[in-house]
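The values are calculated or read from the model by the stated rules, or taken from the named source; none is laboratory data. Quick caveat: nothing in here was measured; it's all calculated off a predicted structure. Because the Cβ atoms are built from the backbone with ideal geometry, glycine has one as well, and the counts that use them run over all protein chains shown.
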Amino acid sequence: MAIQITREDGPKSIINAEVSSLSKLDQLRLLDLSETSIQELPAGMKAMVKLQHLNLNWTRESHLFPAGIISELSRVEELTMY
């Protein structure tokens, strides 16, 4: 899966990674998974302690949240689901 990450200090970059490796992005503040075929959020997202914005628009496959993941993402200010 290709993940597009927008950095505040530079141009957009594309990272080709397995979804399970998202846990390594512990400094990430914005994650846009819109229009992807993701079926559930990986439990490893608990490590994304600085995540503030999560966009799940148009992820029609499903919206499954592993137990406890929402409470671990305590800095999330904006969760978009449509």
Completion exercise
Filtering the stretch 47-80 for residues that are charged (D, E, K, R) and modelled with pLDDT under 90 leaves a count of 3
Practice task
Within the stretch 65-72, identify whether any single residue is in a loop (DSSP other than H, G, I, E, B), at positive phi, of a type outside the set (A, V, I, L, M, F, W, C) and in contact with a Lys or Arg (Cβ under 9 Å, 6 or more places away or on another chain), and answer yes or no.
Solution key: yes
Practice task
Pull up the stretch 22-33, narrow it to residues that are closer than 13 Å to Leu79 by Cβ and surrounded by 16 or more Cβ atoms within 10 Å (Cβ to Cβ), then point me to the one that is modelled with the lowest pLDDT.
Solution key: Leu33
Handout entry: Residue check for Thr59: touching a residue at least 12 places away in the same chain (Cβ under 8 Å), β-branched (Val, Ile, Thr) and in contact with a strand residue (DSSP E or B) (Cβ under 9 Å, 6 or more places away or on another chain)
Key = no
Exercise for the section: Could you give me the residue pairs with C-beta distances under 7 Å whose first residue belongs to the stretch 27-50 and is of a type in the set (Asp, Glu), whose second residue is surrounded by 16 or more Cβ atoms within 10 Å (Cβ to Cβ) wherever it lies, and which are 6+ apart or on separate chains? Expected result: Asp32/Asn55
Problem - Failed item in (1) surrounded by 18 or more Cβ atoms within 10 Å (Cβ to Cβ); (2) over 16 Å from Arg75 (Cβ atoms), with Met48 passing the rest - result: (2)
